[in-house]
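Remarks on the structure that follows.
The values are calculated or read from the model by the stated rules, or taken from the named source; none is laboratory data. Quick caveat: nothing in here was measured; it's all calculated off a predicted structure. Virtual Cβ from ideal backbone geometry, glycine too; neighbours counted across all protein chains shown. SASA here: full protein model, heavy atoms, side chains in, ligands and nucleic acids out. Shrake-Rupley method; radii C 1.70, N 1.55, O 1.52, S 1.80 Å.
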Amino acid sequence: MITTQNLTKRFDQITAVENLTLEIPEGEVFGFLGPNGAGKTTTVRMLTSLISPTSGSATVNGHAIGERDIDIRRSVGLLTETPGWYDNLSAERNLEIYASLYEVEDIKGQVGKYLRFLGLWERRLDVTATFSKGMKQKLAIARALLHEPRTVFLDEPTAALDPEASRLVREFILEIKQQGRTIFICTHNLDEAERLCDRIAVFKTRLLVLDSPANLRRQVFGRKVVFHLLQADQALVEKIIQLPQVTEAKLIDHKIVATIDDPEKHNPEIIRLLVSEGADVQFVGELRRSLEDVYLQLVKNA
Amino acid sequence: MKKIQTIIRKEWSEVFKNRMVLFTVAFLPLLLTAIPLGIIYATSSSAEFAGASSEIPGEINAFCPSDFSGGDCFQVFIVSQFMIMFMIIPLAIPASISSYSIVGEKVNRSLEPLLATPITTTELLIGKSLAAIIPALAATWIGFTIFILGTWIIIANPEIIGYFLDGRWLIAIFVIGPLMALSAVSFSIIISSRVNDPRVAEQVSMIIILPVLAAFFGQMAGIITLNITFMLASVIVLALVDAVLVFFSIRLFQRETIITRWK
Ligand SMILES: Nc1ncnc2c1ncn2[C@@H]1O[C@H](COP(=O)(O)OP(=O)(O)OP(=O)(O)O)[C@@H](O)[C@H]1O
Ligand SMILES: [Mg+2]
């Protein structure tokens, strides 16, 4: 559970985060989406009590930042932007150091559990200098979980990973989601946010929108339906635009692309109209705009 | 307490893998113990020094109790010179270890995950400081013990041994040594916060040994005499210097400062 109230952070002249107000319930996977320099890392640092806000307040797992900082750090796990390992020590030794600093009782047990979980058990005695980027990243996720925190912050968990390693990390995130933890993910990767997150905040210094991935797409663009016709012309498009449920329609080759408020309800009417106008309807389908378009539009307008 | 131990053990398992640090920690004390022992051995076995009090310059004779022979006095003088050099150990070792241990964290980018754990910055600072001070004092004291034992074996003159074990050197080894180690650690923490290459941090931190070199040449030139007053004055000055350096290193060693200002 995370709540923030007008959370603001200024560095000298730069305002990195301004009046951020959020409420993230227990067990939610929350996507924090924004371009470079949006203030994502700064937000995570405030919420993990690494830096203090200029103004505003926040609680994490019921502890107020700036007041119960040690309790916050005990109850959260953090995957930092860069993994940061003691490269001439073994993977196991690295994790044992952190387990001890996180006050883990059964150090060997927890370290072993997560090394196995992430498929790094065989390599546990190798120094981390010999690890690939993806392995270091997975090890860093293990570090964030050693003390079984209720809330996990993942700052760009798959940045700089190849597609296969990214997939592994994503699957892993879905697994830890099953354990009921609250997960706060910073990312640029929209596909990823859509696949993993219950809700997505688009953020650029200020909160721009906050919604489920599906609603987000609908909210910005409405929904688009493509009618594939054997033959189509502009006259047909004009007819369709007349309908009150259709906000926009375009002719692309033999296809008509229409923006429709509620396609489930209105498509049959439109198809009837097309048929009565003599069109041969081959296929009807929804045009799924990528979330990327939504995001780029939001950020451009901000 | 347990976290401090974790930090100390971590520093040692990491930093002693570094050849530069290992060199400073192992060879420097070896060298600074072996050289004065070698000189004592050479001068005590050569007859020329035995009664040659007329050839010994006046400053050196003035340096010893009047009942010392010229040869004894020469030995005492040379060894005292090297004993000053010996005080480089409690400065150089902490400077070297803490440069690598702090700038090393910067290079690894491990400060942020480290500071995200429930450790306090005080615990971290104490852990890192002790990790640098303990080996320094161990090397100083072991080196000093070896030196005393070696002198005992070579010259077997209780008067000269007594001279080395008098109050001045006990103050130097057991009071000035630890104070120096603390100043070296604090100084290199301050340097390390500004520097991104551990070798640069180490080299710059080594400025801290300059006062020892000044004392070395000062005594050689007869400008200063390492009497008990000089020793006690050094203790007071060092304690003040420590207070200032520790104050600034603690100010720099705040979580937010480390995350946002250490570049
Ligand atoms: N220590 C600092 N001192 C001054 N300005 C800072 C500092 N840290 C961050 N900023 C500024 O705050 C803003 C937000 O930075 P932040 O790192 O939080 O962005 P981000 O969303 O994580 O970006 P990225 O996607 O590149 O990681 C940027 O303008 C950055 O320059
Ligand atoms: Mg960032």
In whole percents, the bins of 20 Å from zero upward hold the Cα-Cα pairs of the protein assembly as shown as 18, 35, 24, 14, 6, 3, 0
As a percent rounded to 5, the proportion of antiparallel DSSP bridges among beta bridges in the protein assembly as shown is 70 percent
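Could you tell me which of rounded, prolate or oblate describes region B:98-146, using a ≥ b ≥ c as the square roots of the eigenvalues of the alpha-carbon gyration tensor, with rounded for a/c under 1.5 and, failing that, prolate when a/b is larger than b/c and oblate otherwise?
Numbers: a/c = 5.27, a/b = 2.21, b/c = 2.39.
Judged from the Cα gyration tensor, region B:98-146 comes out oblate (a/c at least 1.5, b/c at or above a/b).
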Largest first and rounded to whole Å, the semi-axes √(5λ) derived from the alpha carbon gyration tensor of region A:222-288 read 16, 12, 11
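Just the number, please: carbon plus sulfur as a percent of the accessible area of the protein assembly as shown, 1.4 Å probe, no ligands or DNA/RNA counted.
Ligands and nucleic acids excluded, carbon and sulfur reach 59 percent.
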Taking a ≥ b ≥ c as the square roots of the eigenvalues of the Cα gyration tensor, with a/c under 1.5 meaning rounded and otherwise prolate when a/b exceeds b/c and oblate if not, chain A is prolate
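Please list A:HIS63, A:HIS188 in order of solvent-accessible area, largest first, computed with a 1.4 Å probe with all protein chains present.
Descending order: A:HIS188, A:HIS63.
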Once A:THR130, A:THR158 are ranked on solvent-accessible area with the largest value leading and a 1.4 Å probe, the list reads A:THR130, A:THR158
Reported to the nearest 10 Å², B:LYS128 has, with a 1.4 Å probe, an accessible area equal to 10 Å²
Of the listed links A:LYS9/B:LYS17; A:LYS224/A:LYS300; A:LYS177/A:LYS204; A:LYS113/A:LYS133, those spanning more than 32 angstrom between alpha carbons are A:LYS9/B:LYS17
Relative contact order as a percentage, chain B, C-alpha pairs under 8 Å and 6+ apart, gives 27 percent
Taking the chain alone as reference and the full protein assembly as comparison, with a 1.4 Å probe on protein heavy atoms only, the residues of region B:248-262 that lose at least 20 Å² of accessible area are B:ARG255, B:GLU256, B:ILE259, B:THR260, B:ARG261
Heavy-atom accessible surface buried between A and B, both sides counted, 1.4 angstrom probe, nearest 100 Å², is 2500 Å²
Cα-based Rg/(2.2 N^0.38 Å) for chain B, rounded to two decimals, is 1.13
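Assuming a viscosity of 1.306 mPa s and a temperature of 10 °C, what translational diffusion coefficient in µm² per second does Stokes-Einstein assign to region A:179-300, Rh being the Kirkwood radius over Cα pairs?
For these conditions, the coefficient is 98 µm²/s.
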One finds the C-alpha centres of region B:168-220 and region A:10-41 to be spaced, in Å, by 44 Å
Highest GNM mean-square fluctuation among A:VAL29, A:VAL246, A:VAL60, for chain A with Cα springs under 10 Å, belongs to A:VAL246
Listed residues A:ALA193, A:ALA58, A:ALA258; largest mean-square fluctuation, Gaussian network over chain A with Cα springs below 10 Å, found at A:ALA258
SASA check, B:LEU240, accessible area w/ 1.4 Å probe, all protein chains in place, rounded to nearest 10 Å², comes out at 120 Å²
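Indicate, rounded to the nearest 5 percent, the antiparallel portion of the DSSP beta bridges found entirely in region A:2-211.
If we restrict to bridges inside region A:2-211, about 55 percent are antiparallel.
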Counting only DSSP loop positions in region B:132-214, the trypsin sites (Lys or Arg not before Pro) whose Cβ has at most 13 other Cβ atoms within 10 Å are none
